[in-house]
1. Out of B:Ala45, B:Ala15, report the one residue that is out of contact with any helix residue (DSSP H, G or I) (no Cβ under 8 Å at 6 or more places or on another chain) and within 29 Å of B:Glu95 (Cβ to Cβ).
2. Look at A:Ala90 and say whether it is modelled with pLDDT of 85 or more, among the small types (Gly, Ala, Ser) and either closer than 30 Å to A:Ile142 by Cβ or in contact with a Phe, Trp or Tyr (Cβ under 9 Å, 6 or more places away or on another chain) (or both).
3. Name the residues in segment B:11-31 that are within 14 Å of the chain's Cα centre (by Cα) and touching a residue at least 60 places away in the same chain (Cβ under 8 Å), would you?
4. For segment B:13-36, which residues satisfy the criterion of being under 15 Å from B:Val66 (Cα atoms) and at the interface with chain A (Cβ under 8 Å from one of its Cβ atoms)?
5. Is it true that some residue in segment B:45-58 is in a helix (DSSP H, G or I) and within 14 Å of chain A (Cβ to nearest Cβ)?
6. Can B:Leu119 be described as under 18 Å from B:Val80 (Cβ atoms), away from chain A (no Cβ under 11 Å) and without any contact (Cβ under 8 Å) to a residue 12 or more places away in the chain?
7. Show me the strands (runs of 3 or more DSSP E) found entirely inside segment A:168-255 where at least 3 residues are surrounded by fewer than 22 Cβ atoms within 10 Å (Cβ to Cβ).
8. What tally of residues in segment A:114-137 results from selecting those that are within 14 Å of chain B (Cβ to nearest Cβ) and acidic (Asp, Glu)?
Amino acid sequence: MLATLIVASLTFVILDLRGGEGPLSSARAAVSAVIGAIQEGASTVASPFTNIGGSVSTWRNQSAQIAELEAENARLTEELRSTLSDRARARALDDLLRVASVGRYRVTPAEVISVGPAQDFAWTVGIDAGSLDGIEKDMTVINGEGLVGRVLKVNPTTSTVVLLVDASSAVGGRVATTEEIGIVSGTGRQDSLDFQLLDPLAELVIGDALVTFGSRGGRPYAPGIPIGEVVDITGTAGQLARVATVRPFVDVSQLSVVGVIVRPPREDPRDSVLPPREGAEGSDQTADAQPADEAADSAPGENADQPADEPTDQPADQPVDQPVDDGAETTVNGE
Amino acid sequence: MLFRQIVVIGSLLLAAVVLQTTVLSRLGLPGATPDLVVVTVVAVALALGPAAGALTGFLGGALLDVATPSDSILGLASIVLIAVGLAVGVAVDREDSSVWTLSLIAGAACGAATLGTALLSAILGSERIIWTVVPGVTLTTVLYGLILGRVMIPLVGALSRRLVPEAFLD
């Protein structure tokens, strides 16, 4: 048996050494092709396991690298997020400054730090400015969109602000284009206010914008601050129970940067603070109405609708409690 | 009531009030704000009994009422939360119930506290209670209370067992 095998092997050797095309070489090629195919398949299956010894050490390196990259990724994500939030804050501050300079309000900026729980049914927020920052009770609080509310309580470094939408709040409002006045009161819902015109025969259309009428001395509400837009009117003209639903410009669920008006403007800014309205007809109307208002109601040379670059603060000896309009607002906003 | 117990309860409540007013109320969740303070009162009442529950309710309500953004009637929340702490402490046996049952009790307590606050405020002449809004707020506060209870009840239980073992109800 063994001898036979040795002889066969030797025969192969001799035949192979002799060279040339023979029956052996073709058989060899065929077997080699079959084995090659099997090897290929096997190596595909085994490929994850090759070089296991070597890969354990590189795996350590790689996991360190992965950890490093993950840390870097987290850092960059964090940076991106803070950049985005910084940008949002900067935009909010820009808007606030624009409103403050157009309306010539002197504001102290603050940030909302706490919100009253909804189950108290009160719409109040806490801001991070207090009596040490010059905040006093009944100052008006605004942001870049318009009226936010008024200061209710003051602590040394924080204050409580009651929002416009709170059911206890009532603001004297004026329709921007028609000069009609009325009372805007909170409903306790964040997206609607009630507006009742003092003159039940007055004309009011959906889309009319409202601004604050202004309290005596600018407290609790300074004049000319955008309040909201009429979205619905119930009752017909002449009816006593004629109430309009107003959607506030300020989204109270998204409050971050606000400004407390520490000194109201000398002149009523009228409608100049209102954002330009969408739609050609509306914007024309506002643009046309404004200069006439200015001429009629403001001192000459006091062009409030220019985005003023000059400092908004007037000399400190100005009479602050200059009446903005007649006495109606004391009953409206009276505390 | 042991001094140590009061310190533990006070710190828990302070954390709960700060978290509730600065974080939970700003999440923008639909309906109510997750009522962490009520759940804390329930958890303490379950762990330490009705007397501690009532004390927690009183302190928690007082803290809520004086904390910055609040404009509620001072003392109202205390009355409601004392009732919650006392009732839960007397009526519920922690050992006999599963943690989910206890969480459900916490949720129910949140709902009861919301309704109680609304009712008392309305009686005392608050103009803020709009009854069409109350059901939605109550339902969501039950749901949030259930979820918070699942976390807070075991947590306060473990804390009490470690920090005030002499008062812990086994």
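1. Values: B:Ala45 fails: out of contact with any helix residue (DSSP H, G or I) (no Cβ under 8 Å at 6 or more places or on another chain).
So the residue among B:Ala45, B:Ala15 that is out of contact with any helix residue (DSSP H, G or I) (no Cβ under 8 Å at 6 or more places or on another chain) and within 29 Å of B:Glu95 (Cβ to Cβ) is B:Ala15.
2. Spelling it out, A:Ala90 is indeed modelled with pLDDT of 85 or more, among the small types (Gly, Ala, Ser) and either closer than 30 Å to A:Ile142 by Cβ or in contact with a Phe, Trp or Tyr (Cβ under 9 Å, 6 or more places away or on another chain) (or both).
3. Result: B:Leu12, single match.
4. Once the filter is applied, which keeps residues that are under 15 Å from B:Val66 (Cα atoms) and at the interface with chain A (Cβ under 8 Å from one of its Cβ atoms), segment B:13-36 yields B:Gln20, B:Thr21, B:Thr22.
5. Looking through segment B:45-58, none of the residues is in a helix (DSSP H, G or I) and within 14 Å of chain A (Cβ to nearest Cβ).
6. Yes, satisfied.
7. A:193-197, A:226-234, A:243-248
8. Filtering segment A:114-137 for residues within 14 Å of chain B (Cβ to nearest Cβ) gives A:114-131, A:135, A:137.
With the extra rule that they be acidic (Asp, Glu), the set shrinks to A:120, A:128.
So the answer is 2.
The values are calculated or read from the model by the stated rules, or taken from the named source; none is laboratory data. Bear in mind that the values here come from a model prediction, so they are computed numbers and not experimental data. FYI the Cβ positions are ideal-geometry reconstructions off the backbone, even for glycines, and counts take in every protein chain you see.
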